[in-house]
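Quick notes on the structure that follows.
Here, each number is a calculation from the coordinates, and none is a lab measurement. Bear in mind that the values here come from a model prediction, so they are computed numbers and not experimental data.
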Amino acid sequence: MKGAAEDRLQSFLARRRGSGALDDVQALSGDASTRRYFRVSWEAKSSAVVAVYPEPFAADAHPFLEVHNLLAGWGIPVPQLLAVDGDCGLVVLEDLGDTTLQEHLRSAAPAERQRLYVAALDMLRQLQVAAAAQPSAAGCYGLVFDREKLVWELELFVEHFIEGHRGRVVPQVERAALTVCFERLCEEIASWPRVLCHRDFHSRNLMWHRGRLVWIDYQDARMGPVTYDLASLLCDAYVDVPDALLEERIEGFRRDATPCETPEEFRGRFDLTAAQRTLKALGTFGYQAVVRGNPTYLEYVPRTLGVARRSLARHPALGELHGLLARHIEELRA
């Protein structure tokens, strides 16, 4: 093992074990962040997962720990917190294994698939209700999907996916027109009432562990529209959600979350959210491939483009944006 992350992990384990032996440390594939993950032997012949951050942190004001404590207090299934060492910049968590919802769904029968999505969205509604009823001073309540944040994500989509990954040159006049469309879309989304959002609620951030779903990767939680996490899960970049199941779960969530809103109104808000969220995901995939040299996410680009095309085509307000993007991305053309 080499590098700053490994050095800090070795220091931490040496202090706990009395030796620096790292023969039982396994590097795990990470996410799109700058964190590193390792599986290590832990107490009583068990194992744990260590998240090593790029630098030391103050444990009493760390976003992951703040959100973790909120979720655990609200009864949301999260991994057990085993240890924290801010000086070494690491967090030790219960080992949930390697089976994500994405993997579990590969062999799931239709009835099981439906049950899992119902369970996931029931927990999402649990988060929204609990967070509204018990607001705290945690930093996630001060972070919002406002117009500036949402537009910034779409501008990065143009920079890193269209221009960076696809190598297309967007003429200045079209670039200006895209910005106007982005601002119009994002101003609409930002005007809606906000709830606490996981922020990356999809099938790779739900683990299947001992017969239940457990949440991970929630450190970026922030306030946003009620449709945000819903769209993240049902318009997933990693899993195909059957149309019938998608429609059923959208309507079921509307009945629970906003029963006074008509199905047409709620579905319209879902489509706008899904369009923004999906384009943002493509921007992330492009950034990972071009800037960070990580091609892991490129295999999910075709599915994500398909989701983006359907979302853009569904809502009349997205017609101009759809047309502009289709000039540079063939897969978005009808």
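Some notes on this structure:
- Kirkwood hydrodynamic radius over Cα pairs of region 245-333, then Stokes diffusion coefficient at 4 °C and 1.567 mPa s, in µm²/s: 90
- Residues whose amide H comes within less than 5 Å of that of W42, counting only those at least five positions distant or on another chain, are S47, A48 (H built at 1.01 Å from N in the peptide plane).
- ³J(HN,Hα), Karplus 6.51/-1.76/1.60, whole Hz, each residue of region 60-68, x for Gly, Pro: 7, 9, 9, x, 4, 5, 4, 5, 4
- Taking amide H as placed 1.01 Å from N in the peptide plane, H209 has its amide H under 5 Å from the amide H of V214, each at least 5 places away in sequence or on another chain.
- Residue-averaged [θ]222 nm for the chain, counting only DSSP H segments that reach four residues, each worth -39500 (n - 2.57): -15000 deg cm²/dmol
- Backbone HN-Hα couplings from phi across region 265-280 [Karplus 6.51/-1.76/1.60, Hz, Gly and Pro as x]: 5, 5, 5, x, 5, 4, 5, 5, 5, 4, 4, 5, 5, 5, 5, 4
- The phi-based Karplus calculation (6.51 cos²θ - 1.76 cosθ + 1.60; θ = phi - 60°) puts the 3J(HN,Hα) values of region 135-141 at x, 9, 8, 4, x, 5, 6 Hz, whole numbers, x for Gly and Pro.
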